[in-house]
1. Among the residues of region 45-61, is any of a type in the set (S, T, N, Q) and assigned to a loop (DSSP other than H, G, I, E, B)?
2. Does at least one position in region 51-59 carry a residue that is hydroxyl-bearing (S, T, Y) and exposed (fewer than 11 other Cβ atoms within 10 Å of the Cβ)?
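The numbers here are math on the coordinates, done by the rules we state, and not lab data. In this text the structure is predicted, and so the values were computed from the model without any measurement. Methodologically, a virtual Cβ is constructed for each residue, glycine included, from the backbone with ideal geometry; neighbour enumeration extends over all protein chains shown.
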Amino acid sequence: MEAIAHGLIPITYDVNYGPNEITQDHVNGRVVPYGDIDAFAQAAIEILQDPDLAQRYSTAAYASAERYSEANVWQAWRALLDDADQLWPAKLAAARLDGTAAKGDK
């Protein structure tokens, strides 16, 4: 994440988590099949041999890093907290976890 925020071009393996969630193949970097070192090397060579491609990926890396900016992350957290604040009191009451008894309970 820190690397793309500085315009560095990611090349990552296609795994179920981590960098390939941030890297968009052929947009801001490359995602290659897991463990395929030849594909990894070829992706690096293609980028290094094509300055225009490298610049496109670098520019897109800066832009994609904005998704994880402090302001955007806080906005997502705020929305989650606001949603919880609105929905959870009713859920807790329905589950009787809020300390109140349902009608007819002693």
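1. Step one: of region 45-61, the residues of a type in the set (S, T, N, Q) are 49, 55, 58-59.
Still in the list and also assigned to a loop (DSSP other than H, G, I, E, B): none.
No, region 45-61 contains no residue that is of a type in the set (S, T, N, Q) and assigned to a loop (DSSP other than H, G, I, E, B).
2. Taking every residue of region 51-59 in turn, none turns out to be hydroxyl-bearing (S, T, Y) and exposed (fewer than 11 other Cβ atoms within 10 Å of the Cβ).
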